[in-house]
1. Please verify whether the stretch B:149-159 includes one or more residues that are closer than 23 Å to B:LEU51 by Cβ, of a type in the set (D, E, K, R) and more than 8 Å from every other protein chain (Cβ to nearest Cβ).
2. Condition test on B:SER72, is it in contact (Cβ under 8 Å) with a residue 12 or more places away in the chain and either over 18 Å from the mean Cα position of the chain (by Cα) or within 12 Å of chain A (Cβ to nearest Cβ) (or both)?
3. Examine the stretch D:99-112 for a residue that is in contact (Cβ under 8 Å) with a residue 24 or more places away in the chain, open to solvent by 10 Å² or more (accessible area, probe 1.4 Å), within 11 Å of another protein chain (Cβ to nearest Cβ) and within 13 Å of the chain's Cα centre (by Cα), and state whether such a residue exists.
4. Can you report the number of residues in the stretch D:34-53 which are among the hydrophobic types (A, V, I, L, M, F, W, C) and open to solvent by 30 Å² or more (accessible area, probe 1.4 Å)?
5. Report the residue count in the stretch D:1-10 for those that are touching a residue at least 40 places away in the same chain (Cβ under 8 Å) and either under 21 Å from D:SER128 (Cβ atoms) or part of a loop (DSSP other than H, G, I, E, B) (or both).
6. When the residues of the stretch E:181-210 are narrowed to those that are surrounded by 20 or more Cβ atoms within 10 Å (Cβ to Cβ) and among the charged types (D, E, K, R), which ends up nearest to the chain's Cα centre (by Cα)?
7. Six or more apart or on different chains, Cβ under 9 Å: which pairs go from a residue in the stretch C:130-146 that's farther than 25 Å from C:GLY222 by Cα and modelled with pLDDT of 95 or more to one that's of a type outside the set (A, V, I, L, M, F, W, C) and not in a helix (DSSP H, G or I)? Could you list them?
8. Among (1) under 16 Å from the mean Cα position of the chain (by Cα); (2) open to solvent by less than 10 Å² (accessible area, probe 1.4 Å); (3) in contact (Cβ under 8 Å) with a residue 40 or more places away in the chain, there is one condition D:TRP230 misses while meeting the rest; what is its number?
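The values are calculated or read from the model by the stated rules, or taken from the named source; none is laboratory data. Since this is a predicted model, take the numbers as computed values, not measurements. Cβ coordinates were reconstructed from backbone atoms using ideal geometry, including for glycine residues, and neighbour counts include every protein chain displayed. Surface accessibility is based on the protein's heavy atoms, side chains included, excluding ligands, DNA and RNA. Shrake-Rupley method; radii C 1.70, N 1.55, O 1.52, S 1.80 Å.
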Protein chains: 6
Amino acid sequence: MRKKKRQNNALRPVSIERNFQPHAAGSILFKMGNTHVICSITVEDGVPSFLQDSGQGWITAEYGMLPCSTNSRMGREAVRGRSGRTYEIQRLIGRSLRMMVDLNKLGEITLRVDCDVLNADGGTRTASITGAALVLADVLRSLREQGKIGKTDILPLAAISAGIVDGEAMLDLDYGEDSRADADANFVMAGNGRLVELQCTAEGRPISRSEFEQLTELAWKGVSELLHLWSKKV
Amino acid sequence: MRKKKRQNNALRPVSIERNFQPHAAGSILFKMGNTHVICSITVEDGVPSFLQDSGQGWITAEYGMLPCSTNSRMGREAVRGRSGRTYEIQRLIGRSLRMMVDLNKLGEITLRVDCDVLNADGGTRTASITGAALVLADVLRSLREQGKIGKTDILPLAAISAGIVDGEAMLDLDYGEDSRADADANFVMAGNGRLVELQCTAEGRPISRSEFEQLTELAWKGVSELLHLWSKKV
Amino acid sequence: MRKKKRQNNALRPVSIERNFQPHAAGSILFKMGNTHVICSITVEDGVPSFLQDSGQGWITAEYGMLPCSTNSRMGREAVRGRSGRTYEIQRLIGRSLRMMVDLNKLGEITLRVDCDVLNADGGTRTASITGAALVLADVLRSLREQGKIGKTDILPLAAISAGIVDGEAMLDLDYGEDSRADADANFVMAGNGRLVELQCTAEGRPISRSEFEQLTELAWKGVSELLHLWSKKV
Amino acid sequence: MRKKKRQNNALRPVSIERNFQPHAAGSILFKMGNTHVICSITVEDGVPSFLQDSGQGWITAEYGMLPCSTNSRMGREAVRGRSGRTYEIQRLIGRSLRMMVDLNKLGEITLRVDCDVLNADGGTRTASITGAALVLADVLRSLREQGKIGKTDILPLAAISAGIVDGEAMLDLDYGEDSRADADANFVMAGNGRLVELQCTAEGRPISRSEFEQLTELAWKGVSELLHLWSKKV
Amino acid sequence: MRKKKRQNNALRPVSIERNFQPHAAGSILFKMGNTHVICSITVEDGVPSFLQDSGQGWITAEYGMLPCSTNSRMGREAVRGRSGRTYEIQRLIGRSLRMMVDLNKLGEITLRVDCDVLNADGGTRTASITGAALVLADVLRSLREQGKIGKTDILPLAAISAGIVDGEAMLDLDYGEDSRADADANFVMAGNGRLVELQCTAEGRPISRSEFEQLTELAWKGVSELLHLWSKKV
Amino acid sequence: MRKKKRQNNALRPVSIERNFQPHAAGSILFKMGNTHVICSITVEDGVPSFLQDSGQGWITAEYGMLPCSTNSRMGREAVRGRSGRTYEIQRLIGRSLRMMVDLNKLGEITLRVDCDVLNADGGTRTASITGAALVLADVLRSLREQGKIGKTDILPLAAISAGIVDGEAMLDLDYGEDSRADADANFVMAGNGRLVELQCTAEGRPISRSEFEQLTELAWKGVSELLHLWSKKV
């Protein structure tokens, strides 16, 4: 049985605290169970060199974990160098968020998203995307209202994990579940029912297509619930 | 229309040249169209520190591109540092290959896989996995025959890309197709019809579930054909 | 006039939230006005090589700032490398905390202190020391009660800044005051009325000995008030 | 008793050899007992980016130790990376020297000060400041005479250490004294009797205010004597 | 006796495969016995900063070894950093090639030469120079024909090793011979009978002038034979 | 005409100051005209890992230039990283010095040679070798007398440059001569008339064999004179 008698298809409790880092253009402390992530956004003039004079904007992300966010202290990346896992996660976050908006409507600005994990209990990358998408929508709306960017739709987006644990398909794995999962998948899905990113990894054994189908169903349910956060006062 | 009138569900021509780097325990020059990758394997005593005294073996991969493998010369990673893309790809290769065998049967040895791209024309990561799986099977069989590792099954494995290009689902994208794809997916699948790794990324727009289904069908067809390489004299 | 009509000799409001990062041996979110710092401690077996086989323990600190903690986003040190300022501050924190206890009574363990700034509004290094001293005392008391370290006194300690701003001596400078100060001093003082560390820097002009005396008086008053935190339930 | 029967309030013998590195704009080999430091200055057009178009000049310092300057060979920082101690010292040297002159009178040039320790016997940072201040004054006077910088006063400056050793306050600690000091302070003081920088560190135990007063008195005496070097032919 | 009954003054078999990396401006797979090197050239607009606005072009080289090119796997320089040996070799290649042409006739372009060793069996640096000189001549001739560079002669160039092994002077050492050589020399010589680079190193003992003379004679013979490659269809 | 009417076959004035860095096992300030180099040696127990348990000793060198040693200030390698030139020079120094003694007689110790250039006016690498060979002989003799190493001969060694400048062969080039040389060679030769290292580089044009012969003659004369330093009280 899962902790706190959670059902296999249930999310952990979610909470949001806005304006957590007031120096940022937008900032959220996003909690999903015991996974706590700060998502903050800075708006900068200019774009990376490969976009210069394109008229197009850019959205990019960096991801970090505080040393005591994990069970055994994780060495600081400023000391030991950034790991492959970090690169992989921040590339995933950035790619996902760039699907939310037509970059051509931004003009040559860069939206820099920082996701920093205060406490880690599984699902830090999906929590980072879900939290960052919310605060990115806040910032984009505000820029649009101020006329600093063009008229553009903002696509609602959320992310969740699912996996095969102890032979059962489960939604939103915590650290203990993730550690013993046979397979683990992360889904980024949009409000229009479409797929943005999908990463599925066999850890213990390859999985069948029917198992994969179950994970997809769970994920779609989870993302739908997370997207309710968008309809609340943002 | 695709180059050389290729059908949407057709692979590019595949060829294998074994023993390309004779100093290695096993070595292949794997060609898939104009994508050419050297896959070589070294066997080392000992395992990384997190496995010491576990009795278990390890399989790990490194990936590189020669400077002139790409259309515009790519700076050497020994000079500019390794990119996030490199970390992501070599983690994917390593994870996939570790699914091929029961690591507990290896004893404390490390199989180090080097995938170096001589020419790049799309699909270098899937070509790396397909080529490396072939040479890994060679090396494992040889070690098993010499009694240096225990009795263990070897799971056949191959990888292929598929994507939505110009509104159509296509198998095995070349560089030009990949550059203009709306979405791009890489599948690693096993001979037993199961899924090992799946990475799907929307580049231009999120995709529908039915589009995703088409990609899965194409990939399964492609992997099945690649697995024919396994039945040939290895 | 200072913000919120603060007197020249007044501290900003102080608050403490314990157990902020539950994975750590001890953890505090320490707030001093708008300067917010997480101070967390990990206990590790073993000591640095220069102390091996000495029977002595060690206390060391690392300091970091989250990217959006500052007015204009500060690049991540994992990306741009650690600055001289960071080295200087974490050396100061470590030296100060090592004065709190007889290291010979610890046995060969290392107490690793992480100070991470969530929001910066002046005085981040003194807030780090004051917060870290509180949580270090918690952890040491707990280790002493469990018999994991020997009997040893714990010296109460706090730190505060003072400076000459607009020709006047002021206690506990915020960022705006610090930016225009003629001179800026950081004091680390112990509960027994003694000096642990003192760093005084002329920014605009060298200062007279009488000005320096005023800073010392203010600091002593400030530290005395901060040490009241120690008498509360710890 | 101190080496060579030195009194507690006595400096070690001081000597200066000008023009030690003739390629520099100014260069001194400064000796204080067995502590020998080369201080050389280069004048460069332009300023760091944070000062561009400000019309203001800049003074910055780098500090290094030759590998065989210390009792047991110190690894080269080009090999092992720069230490926190190095950053701390060169920041102190730079800050101190910038107090000597009105940077607005320099125009957009950078004076780059290199302090390299040939032999170390305690007090290398204060010797670096005292030597560098002398050669900086030479270079500034020369630039002023050539009309390359504006009319500006040059503030005489010197630095010295003092500490509590074996229960007594002593001036200008050598390496052996420094190693066993209970507390150690470095003072940078100006010719006008004012304080530029002060760093006081308890090594063995926190010190009382009266002990701190004694260190201040000793330092002031030491700096006064060092400033006599300025009245000699410069 | 040498492997395959090779005479002391005989080269190993040489072969050339042009257009090995089609993305490059010119590319050769050069084989000298079991030493196999890819030499590829990229043409870039612009020159390094020290040549800007000089009207002069530049030729520079980078050298690398694939991990499995050597008997025991060589760690990737992107992981362990570039070695002193690598710097030394690529500086030698670049200097040698710059003697082939009047850089003033190139205009401000950079010819970037990549030499990557697929298999190493002694003489990789001389094989790199011989192969790179051939492909550089191809590229220069092509640029000259297209009028992209000025009229300029191209000096034919080749390189070979010679050494004292088992008391005898031998040409073109393989890895086994090189490992036990008393002295080893690398010669870069031009078609006009002149010397471009010479590096002679005693490994086991200093050598006499008459021994050195023998190495020079062998090298000249070897280079003359290698220069026959130039008269073939290039 | 050369500076100070120096003959083409004349060395610049040479001087030696022993015991320049008293913390070292041996130390010389070696001056050759305006090229001034500190050569210091440290003796360490143990050898690099590739020699462990071989019973053999090791001699290795590091080379550095102080920032103001050159005409325009050279950035510190601790800041900008070590250059290829530095690696090349210190490898040359180390290889040359290892020819002086039978390493098997040393036991498992490492002699670490530091060559640091105070002032550079051409020929810093040959001055480093000549100076380091003298101090190495001092240290080896002393270790031999104390019985810390076995009985072993010490081969006298010196190094000098020669080059073709303005069409003439000249010995011991200064910086100005070196800058305009057509070719430049560095010779390391032993007291027994044999060659230890030779590096000859065409800078402006390839040179003929007769020109190379002239350089060899000059070098041999120069080294013979430098070896007179060895017969003086060492």
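1. Within the stretch B:149-159, one or more residues are closer than 23 Å to B:LEU51 by Cβ, of a type in the set (D, E, K, R) and more than 8 Å from every other protein chain (Cβ to nearest Cβ).
2. No; evaluated as a whole, the condition is false for this residue.
3. Within the stretch D:99-112, one or more residues are in contact (Cβ under 8 Å) with a residue 24 or more places away in the chain, open to solvent by 10 Å² or more (accessible area, probe 1.4 Å), within 11 Å of another protein chain (Cβ to nearest Cβ) and within 13 Å of the chain's Cα centre (by Cα).
4. 2
5. 4
6. Among those residues, the one meeting the criterion is E:GLU197.
7. Short answer, once both residue conditions are applied: C:SER142/C:GLY26; C:SER142/C:LYS148; C:ARG144/C:GLY150; C:ARG144/C:LYS151; C:ARG144/C:THR152.
8. Condition (2) is where D:TRP230 drops out.
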